[in-house]
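The structure appears right after this line, and notes come after that.
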């Protein structure tokens with residue numbers, strides 16, 4: 001029997017109103033690390049506390065990495081549409097960019 005691994009792509013809302021997108025294999029641990037401020041070079045260090053706004057799990061690490069990189073390229077409005085589950089708006093925003101052929105994952 002194979003063990004199922006879980007990898008998570010997440011979006012945090014920082015205290016300054018910005019978003020941080022990351023990937024981890026332990027969501028609770030990683031959010032706690034962000035809020036504790038363990039790494040002073042981390043984007044969230046000076047933007048604490050952070051709040052989880054979105055999370056999606058993946059079985060394969062490469063899928064999670066690909067999705068994290070995709071979301072990091074998105075505009076704030078597009079991230080907010082994903083966070084709000086507004087897939088119509090997400091599609092509309094994706095079509096506004098010329099040459100944007102990224103598929104929206106539900």
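Where a number appears in this text, it was derived from the coordinates with a stated rule and is not lab data. Predicted model, so just to flag it, every value in this text is computed and none were measured. Glycine gets a Cβ as well: all are built from the backbone with ideal geometry, and neighbour counts include every protein chain shown.
Descriptive notes on the structure:
- Counting every other Cβ atom within 10 Å of each residue's Cβ, 5, 34 order from fewest to most as 5, 34.
- Likely footprinting exposure, 50, 61, 9, fewest C-beta neighbours within 10 Å first: 61, 50, 9
- Option label - Rg and Dmax of the Cα atoms in Å computed here, alternatives (1) 24.3, 77; (2) 29.6, 85; (3) 14.6, 46: (3)
- Least to most buried among 65, 71 (fewest other Cβ within 10 Å first): 65, 71
- Extension reserve of the residue 15-residue 29 stretch, reckoned as 0.36 nm per residue once the Cα distance is removed: 3.1 nm
- Label-to-label distance for residue 96 and residue 60 is 3.3 nm, based on points extended 7 Å past Cα in the beta-carbon direction.
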